[in-house]
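Asks: Here it is: the structure, laid out below.
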Amino acid sequence: MHDIEETQARLQEIAAMGVGLVIDDFGTGYSSLAYLKRFPVHKLKVDQGFVRELTHDPEDAAIVTAIIGLARSLALDILAEGVETRPQLDALLALGCEKFQGHLFSRAQPPINADEIFRPWLPRASQA
């Protein structure tokens, strides 16, 4: 990100190949609102730090609401990270978020399980 123009050119090339760009942990670290304008972004992932206290902290709720609203206004896909409880899920659904990841749905899985998840009809390599 030291050379924004070079980064923008490379990301445009990648987007032209049909690859979508996601800004992970949006709202923290190096994520910037300027990136939404400069880069071919397709999706924002709401950082789990905001989701964790969504139902207890009005400031986190306001931030999540703003991120979801921003994504909708820019026609970007939105995904909430770190969803661990039903109240978090319900709050996110009420705010218009429809994609989630977190322990409420599944614990992290080892790579060997990828074939079972994405191609359950194929036997594992070790079984063939």
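The values are calculated or read from the model by the stated rules, or taken from the named source; none is laboratory data. Keep in mind that what you see is a predicted model, and the values were worked out from it rather than measured. Backbone-built Cβ (ideal geometry, glycine too); neighbour counts: all protein chains shown.
Residue-by-condition table, conditions (1) under 16 Å from the mean Cα position of the chain (by Cα); (2) closer than 30 Å to Asp3 by Cβ; (3) acidic (Asp, Glu):
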{"residue": "Lys37", "(1), (2), (3)": "no, yes, no"}
{"residue": "Pro40", "(1), (2), (3)": "yes, yes, no"}
{"residue": "Leu44", "(1), (2), (3)": "yes, yes, no"}
{"residue": "Ala61", "(1), (2), (3)": "no, no, no"}
{"residue": "Gly69", "(1), (2), (3)": "yes, no, no"}
{"residue": "Leu74", "(1), (2), (3)": "yes, yes, no"}
{"residue": "Thr85", "(1), (2), (3)": "no, no, no"}
{"residue": "Asp90", "(1), (2), (3)": "no, no, yes"}
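Asks: Hey, another quick one. Could you please tell me which pairs satisfy a Cβ distance under 9 Å, a separation of 6+ or placement on different chains, a first residue in the stretch 61-80 that is assigned to a strand (DSSP E or B), and a second residue that is surrounded by fewer than 15 Cβ atoms within 10 Å (Cβ to Cβ) and small (Gly, Ala, Ser)?
Replies: Listed pairs, sorted by first residue: Asp77/Gly20; Ile78/Gly96.
Asks: Tell me whether the stretch 23-43 contains one or more residues that are under 29 Å from Ala108 (Cβ atoms), of a type in the set (A, V, I, L, M) and assigned to a loop (DSSP other than H, G, I, E, B).
Replies: no
This table checks each residue for (1) at pLDDT 95 or above; (2) surrounded by 11 or more Cβ atoms within 10 Å (Cβ to Cβ); (3) touching a Ser or Thr at 6+ places or on another chain (Cβ under 9 Å).
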| site | (1), (2), (3) |
| --- | --- |
| Thr85 | yes, yes, yes |
| Gln88 | yes, yes, yes |
| Leu92 | yes, yes, no |
| Phe118 | no, no, no |
| Pro123 | no, no, no |
| Ser126 | no, no, no |
